[in-house]
Structure formats: C-alpha cells, structure tokens
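The structure under discussion appears below in the form of structure tokens.
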Amino acid sequence: MKQSLTRRGLLGALGGAVAATAGCQAPGSQAESSAGDRSADAAQSSASASTQSENAYTAVYEQVVDAVASVRVYTDDGSGGQGSGFLVDDEHIVTNQHVVAGGSEFYVRFSDTGWRSVSVVGADVYSDLAVVRIDAPPAGVTSLSFVETEPPVGTEVVAIGNPFGLSGSVTAGIISGVDRTLEGANNFSIADTVQTDAPVNPGNSGGPLVTLDGEVVGVINAGGGDNVAFAISAPLTQRVVPALVTSGDYDHSYMGVGLRSVSPLVAEANDLDPASGVYIDRVVDSGPSDGVLRGSTGSELVSETSVPVGGDVVRRLDDTPTPTRQALASFLALSTSPGDTIDVLVERDGAERTLELTLGSRPEP
C-alpha cells in the first residue's frame, strides 16, 4: 500500500372523541398515544446517537491528525512513492518498512508544515515497521500513544493517513478481528495483526489505526478488499520500535521449522485427536530445532490428496496452548526473544512429550 483514503413520527392523534353520556375514552387512544411517544423517543435517541458518533469521529480526528505525517520517498533514479507515518515521541516517526524500502531520500510533511528532510534510523522487514528521525517536529504537536490493552472485536476505530496523496484523510470502521497473521518476507509471517473494515487505500500505509479515544491500535499495513484491512498490532510495534531506535534493527525469535495447520486431512492421516495444533512439516538443517523436533517422515493419500505424516504436532509452548499457527506465531513474537529456552509440548507417535528448545534469530532477509 505504498502510495495513499477516505470514507465512511409524528405523535399519533387521539382515535376518537370522548362520549359525554358514557364518560369513557375513545377505544385505543391511550395505547396509540403511548406507542407514538415511544416512536418519537426512539427517533430522538437514534438522532442523538448519530450526532454523538459524528462528534466522536470529529473529536478523534482533531486530536490525532496533527501528529500524522505524509511520507515521500525518492530512489536514486528519481522515482518514488508515498505513505503515512505518525509521531511516537518528540523526534521519531513510525511508518512501514515497505514505504521506505529502496529509498535514498526521505521527506515528511505535517498538516501545517512544508516538506522536511528526514533520515531512516531503522527498518525491519519481518514486521514491516520502520522509524525515521525528524530534527524539528511541529511545535505543540503531541505524539500518539498506544493502547495499554488490546481492544475487543467490535471496537470502533478510525484510520488516518494520506490515501492517493490526499493528506489528513479519515475513514471509520470497527476492529473485525485480532491475532491475524499476514504473509511476510522470506515465507515468514507477521504475527498478531489487527483486522479492520475501515477503508484503506494506497498511501495509508504507515498511518495509525486509532480508537475513538485517540490511542493507537496498530500501524496500517495493507488493505485486502473493500472491507478488509490490516494493521501491525500495538504490542508488536512497541517491541520492535525501541530496538529500531537504539540499534537500527530487531531480532525475531526463530524455531527453524516449516509449519502447517492441522487440517482435517492432516488429522486423519496422522490419527490426531483433537484435530488441532501446529504440524511440523520440515526441520531446517542446523537450525534451532534440528535434533529436537521432528518433521514429516513420509506422506499418505487421503481422499486422493497427498498428506504429510510423521511430523511432530505442537500442542503448547511453555504454558501457552497452540491450537493454531496464529497462536504459535503470536507467542513467539510477543513473549520470547532469541536465546530463550522454552518448553515445547508435542504429540509424536500418538504420545505427548515435552522438549526443550533454545530459540535462534531469523536469518537476514
């Protein structure tokens, strides 16, 4: 997404006259009046909720937009691209690695400034995060803060950035999902990403996805459709960015294995019950898992499909269950570092065993 968004009665009359001789109320008049009152109240409440929502979007936009920057990148041959970024302290701007990749000159512009030259202090292809340094951020602009706890699915959020070069654009949506994994470099995945239905377009990359309180849920990474977009989560960003600022890079934990989800066919071929966990299809030679974990030893035909068999199935890492690849990837990304030794509970040949594994670092891209 390197380049640039926008988006998103009458009270019932009395049903008759009072009969003087009988002294009675016209049939249905009280019920109709009550229903009319409820209808009017509902309409008023709906209008009030709509106004409050609109005011909330305006408020968060005004709170956040001054800290959001347009990012422009030029290569040695004069070509370039653009994206977004945002201030995280008084001299650093977070954006995506793919926004600055291949660039030789870098510029940022805030809502009330001209273009300013900046330098890249660190970039990490495996999380698609980068940090640039600005010598003189706009006076009086407050940097953005990250959420302390991950908001639940359904939380309202807005994406602010520069789609198609249109600076300061805002779109609204909700958190559609959490703990997603995205395809990353060298067949690795980016763990713990946040899914949203807020519209995202080229140029939004690197901009913030924020709650209506103005706290950053994630760094916009990609849009996959009209109502599917993703952001690098706040927890992963908060792990990676400090390392990029201090050393220019970040080391990700590495098991040295090729993984597969335990699909129904994999479960049938390997006689797995429950049909969950993470299947080890391959162990990298001389990698951290070589001699510890076991990959596939062969294959079987199930429903006319070749399915690997014989590999370990990871059930738990330390005390964290790993029913899915997403759970395994998030644990490694957020709870471990290279050099850590962890317990790996695997199912092998129908029995469970716990193995010790010392994690390595992902190879250079």
Next on the checklist: When you scan the range 143-152, do you find a residue that is more than 23 Å from P235 (Cβ to Cβ) and open to solvent by 30 Å² or more (accessible area, probe 1.4 Å), even just one?
Outcome noted: no
Checklist outcome for this item: Residue count, the range 270-286, condition assigned to a loop (DSSP other than H, G, I, E, B) and either crowded, with 20+ Cβ neighbours inside 10 Å or of a type in the set (K, R) (or both), comes to 2
Checklist outcome for this item: In the range 180-198, anything acidic (D, E) and either surrounded by fewer than 18 Cβ atoms within 10 Å (Cβ to Cβ) or in contact with a Leu (Cβ under 8 Å, 6 or more places away or on another chain) (or both) is listed as E183, D192
Checklist entry - If D251 satisfies every condition in (1) at pLDDT 95 or above; (2) within 25 Å of H92 (Cβ to Cβ); (3) open to solvent by less than 30 Å² (accessible area, probe 1.4 Å) but one, which is the exception? => result (3)
Next on the checklist: Being closer than 19 Å to V131 by Cα and open to solvent by less than 10 Å² (accessible area, probe 1.4 Å) is true for just one of I175, I220. Which residue is that?
Outcome noted: I220
Checklist entry - Would you pick out the residues in the range 341-359 that are outside any strand (DSSP E or B) and open to solvent by 20 Å² or more (accessible area, probe 1.4 Å)? => result D349, G350
Item to check | Selected residue (criterion: surrounded by the most Cβ atoms within 10 Å (Cβ to Cβ)) from residues of the range 59-79 that are over 17 Å from V210 (Cβ atoms) and not polar (S, T, N, Q) | outcome: V71
Checklist entry - Name the pairs whose Cβ atoms lie under 7 Å apart, with the first residue in the range 168-186 and within 26 Å of Y57 (Cα to Cα) and acidic (D, E), the second open to solvent by 40 Å² or more (accessible area, probe 1.4 Å) and not in a strand (DSSP E or B), and 6 or more positions between them or separate chains? => result D179/Q326
Item to check | Residues of the range 223-248 satisfying the condition of being more than 21 Å from P338 (Cα to Cα) and buried (at least 22 other Cβ atoms within 10 Å of the Cβ) | outcome: G223, A229, F230, A231
Item to check | Residue check for S289: hydroxyl-bearing (S, T, Y), in a loop (DSSP other than H, G, I, E, B) and open to solvent by less than 10 Å² (accessible area, probe 1.4 Å) | outcome: yes
Next on the checklist: Checking the structure you have, find out if any residue of the range 98-105 is part of a loop (DSSP other than H, G, I, E, B), within 20 Å of the chain's Cα centre (by Cα) and farther than 12 Å from A69 by Cβ.
Outcome noted: no
Item to check | Count - residues of the range 303-334 that are of a type in the set (D, E, K, R), within 16 Å of G258 (Cβ to Cβ) and in a loop (DSSP other than H, G, I, E, B) | outcome: 1
Checklist entry - Out of all the residues in the range 102-136, which are closer than 29 Å to A333 by Cα, surrounded by fewer than 18 Cβ atoms within 10 Å (Cβ to Cβ) and among the polar types (S, T, N, Q)? => result S119
Item to check | Output for the range 153-172, where each listed residue is of a type in the set (S, T, N, Q), at pLDDT below 95 and open to solvent by 30 Å² or more (accessible area, probe 1.4 Å) | outcome: S167
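The values are calculated or read from the model by the stated rules, or taken from the named source; none is laboratory data. Computed from a predicted model, the values in this text were never measured in an experiment. Virtual Cβ from ideal backbone geometry, glycine too; neighbours counted across all protein chains shown. All accessible areas refer to the heavy atoms of the entire protein, side chains included, with ligands and DNA or RNA removed. Shrake-Rupley method; radii C 1.70, N 1.55, O 1.52, S 1.80 Å.
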